């Protein structure tokens, strides 16, 4: 008897619903419309493009901070900062005077010299010849520009940039040796 009851209960449990129970097409369209409006509101409120820019700018700042620490270690070893090679691309040089590309090794100071996370943008290292290796400037182009509280000149070119558009865009963020400001 018990076995028959269980079988009857299981069969009735798995039977399909009677016709007429469920959602109508209009109800489904209304629910999908409400979810679409909510999803659009969430996307507008989190502004994903701005979040990606913010993340890339944070990475640029962290990269420049790492380079700055390596430059201070270089200074401790050599009593001066690296010279700019006789090129106009404003990269670092190694102890032999050879130019080091962004993204390459700069031993023993950095396994990989960071490069800008976006194509079309680059970091700038500038050590004026007149400083005799006692001053340097590091620059990057922040995507958020004047929206970032740490930019130079309200998002405009930093004062000590040797010439415009070296960063691929406006060089609006900078770090420098302790004896100068970017």
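The values are calculated or read from the model by the stated rules, or taken from the named source; none is laboratory data. Everything numeric here is computed off the predicted structure, so don't read it as measured data. Here Cβ is always computed from backbone atoms with ideal geometry, including for glycine, and neighbour counts include all displayed protein chains.
Before moving on, here are some points about what is shown:
- Considering residues of the stretch 135-155 that are touching a helix residue (DSSP H, G or I) at 6+ places or on another chain (Cβ under 9 Å) and assigned to a loop (DSSP other than H, G, I, E, B) only, the residue farthest from residue 54 (Cα to Cα): 136
- In the set (1) under 19 Å from residue 173 (Cβ atoms); (2) out of contact with any strand residue (DSSP E or B) (no Cβ under 6 Å at 6 or more places or on another chain); (3) in a helix (DSSP H, G or I), residue 73 fails one condition alone, (1).
- A single member of 37, 46, 32 is at pLDDT 90 or above, more than 29 Å from residue 138 (Cβ to Cβ) and either surrounded by 11 or more Cβ atoms within 10 Å (Cβ to Cβ) or within 40 Å of the chain's Cα centre (by Cα) (or both), and it is 32.
- Selection within the stretch 118-132 - outside any loop (DSSP other than H, G, I, E, B) and either closer than 19 Å to residue 171 by Cα or touching a strand residue (DSSP E or B) at 6+ places or on another chain (Cβ under 7 Å) (or both): 124, 125, 126
- Residue in the stretch 103-117 that is loosely packed, with under 13 Cβ neighbours inside 10 Å, touching a helix residue (DSSP H, G or I) at 6+ places or on another chain (Cβ under 9 Å), part of a loop (DSSP other than H, G, I, E, B) and modelled with pLDDT of 90 or more present: yes
Residues checked against (1) closer than 16 Å to residue 68 by Cβ; (2) in contact with a strand residue (DSSP E or B) (Cβ under 9 Å, 6 or more places away or on another chain):
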residue	(1), (2)
100	yes, yes
114	yes, no
134	yes, no
146	no, no
160	yes, yes
172	no, yes
176	yes, yes
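- Any chance residue 130 is in contact with a helix residue (DSSP H, G or I) (Cβ under 8 Å, 6 or more places away or on another chain) and either over 29 Å from residue 49 (Cα atoms) or surrounded by fewer than 15 Cβ atoms within 10 Å (Cβ to Cβ) (or both): no
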